[in-house]
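So the structure is just underneath, and the comments pick up after that.
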Amino acid sequence: PKRGARPAARLDLEALHGRRWATRPRPHVDRLASAWLIKRFLDPAAEFVFAPPDEVPGDVIPFDMAGVEFGHHGDHCTFETLFYRSGVGDRRLAIMAEIVHEADLRDGKFSREEARGLDLVLRGLLAAVKDDHEALAQGLILFDGLYSTIGERR
C-alpha cells in the first residue's frame, strides 16, 4: 500500500467473534495495544496465543507478524491497520492509534508525548512479568486506563 494508505477492505466483525488470535511471544506496544483493541472493540470473546511465526496453529488469526493481513501495512502499525479496517469511528481510538504508532515505530509521524511514557511502562511490565498471558492481562488494564483518560484536560 501507499505510504499512509488505509487498507480498503472493512473487517467482517461477525466473522471474528469467538476466535483465537496469535502473535509473537513477549508482546510489546503494538501487540499489546492490538490485543486490547481486538478484545475491547472487535471480539470480546477473543483468546490469545503466543507463538513464533513458524509455530502458529492453523485455527488462529495471526496478527503483528511479517506478511500477515493484520500487521504493518505502508507506514501503519498493526493497531492502525486493525483500527482503520474495523470502521469503528471513535475519536479516542484515533488518538490511541497515533500514540501506539509513535511508541512502536518512533518515526516522528505523530507528536504524542504519551508515546515515550507508554513504551517505558510496557518495558517495565515485561521486565517484571515473565508470563505472556499475565503481561497481556495487565496490559489490557493499562490500555483501559489510557483510553479512559484520553481527552481529559490537565
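Descriptive notes on the structure:
- Whole-Hz Karplus values for region 137-149 come out as 4, 6, x, 4, 5, 4, 6, 4, x, 4, 4, 6, 9 Hz, taken residue by residue from phi with 6.51 cos²θ - 1.76 cosθ + 1.60 and θ = phi - 60°; glycine and proline positions read x.
- Relative contact order %, region 1-119, counting alpha carbon pairs below 8 Å whose residues are six or more apart: 29
- Region 74-129 - accessible surface per residue (Å², probe 1.4 Å): 42
- Shown are LEU82, LEU142, whose ranking by accessible area with a 1.4 Å probe and every protein chain present, most to least, is LEU142, LEU82.
- 17 Å reach of a label modelled at LEU142, 7 Å along Cα-to-Cβ, counting backbone N of region 99-117: 99-106, 113-117
- Carbon-plus-sulfur accessible fraction, the chain (probe radius 1.4 Å, protein heavy atoms only): 51%.
- Antiparallel DSSP beta bridges within region 1-145, as percent of all bridges there, nearest 5: 10
- In this structure, the amide hydrogen of HIS76, modeled 1.01 Å from its nitrogen in the peptide plane, lies closer than 5 angstrom to those of GLY4, counting only residues at least 5 positions away or on a different chain.
The values are calculated or read from the model by the stated rules, or taken from the named source; none is laboratory data. What you see is a predicted model, and the numbers here were worked out from it, not measured in a lab. In this analysis, Cβ positions are derived from the backbone assuming ideal geometry, glycine residues included, and neighbour counts consider all displayed protein chains. Ligands, DNA and RNA are excluded from the accessible area calculation, which covers all protein heavy atoms including side chains. Shrake-Rupley method; radii C 1.70, N 1.55, O 1.52, S 1.80 Å.
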